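Shown next, in structure tokens, is the structure this report addresses.
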Amino acid sequence: MDLKRVKDYIYWLYYQYLLVTCSYVLEPWEQSMFHTITVTVVAMVVYTAYVFVPIHVRLALEFFSQIFGAQPDGAV
């Protein structure tokens, strides 16, 4: 891929983000605060999903395996 096309595509995505969030009407200091808060919230959601989703999936699989009659791991 051409480097200019990648750069233009990233710029287009950023412009779409500005339009969807209506942050293009904010002053520069307000934009920086808005972007900081948005990045922080997204980072916390990703971290929480990374930590807790596998635990809940494992517990759900154990629960449904007990309901449908699978033998526990320690059973002979």
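Can you tell me which of V57, V6 is open to solvent by 70 Å² or more (accessible area, probe 1.4 Å) and without any contact (Cβ under 8 Å) to a residue 12 or more places away in the chain? Show your work before the answer.
Numbers: V6 fails: open to solvent by 70 Å² or more (accessible area, probe 1.4 Å).
Checking each option against the conditions leaves just V57.
Would you confirm whether any residue within region 18-29 is part of a helix (DSSP H, G or I), open to solvent by less than 70 Å² (accessible area, probe 1.4 Å) and in contact with a Ser or Thr (Cβ under 6 Å, 6 or more places away or on another chain)?
Checking region 18-29: not a single residue is part of a helix (DSSP H, G or I), open to solvent by less than 70 Å² (accessible area, probe 1.4 Å) and in contact with a Ser or Thr (Cβ under 6 Å, 6 or more places away or on another chain).
Is there any pair linking a residue in region 60-76 that is open to solvent by less than 100 Å² (accessible area, probe 1.4 Å) to one that is in a helix (DSSP H, G or I) and at pLDDT 85 or above, with Cβ under 8 Å and at least six apart or on different chains, and which?
P72/Q66
The values are calculated or read from the model by the stated rules, or taken from the named source; none is laboratory data. Computed from a predicted structure; not experimentally measured. Ideal geometry is used to build each Cβ from the backbone, glycine not excepted, and the neighbour counts take in all protein chains shown. Note: areas computed on protein heavy atoms with side chains; ligands, DNA, RNA excluded. Shrake-Rupley method; radii C 1.70, N 1.55, O 1.52, S 1.80 Å.
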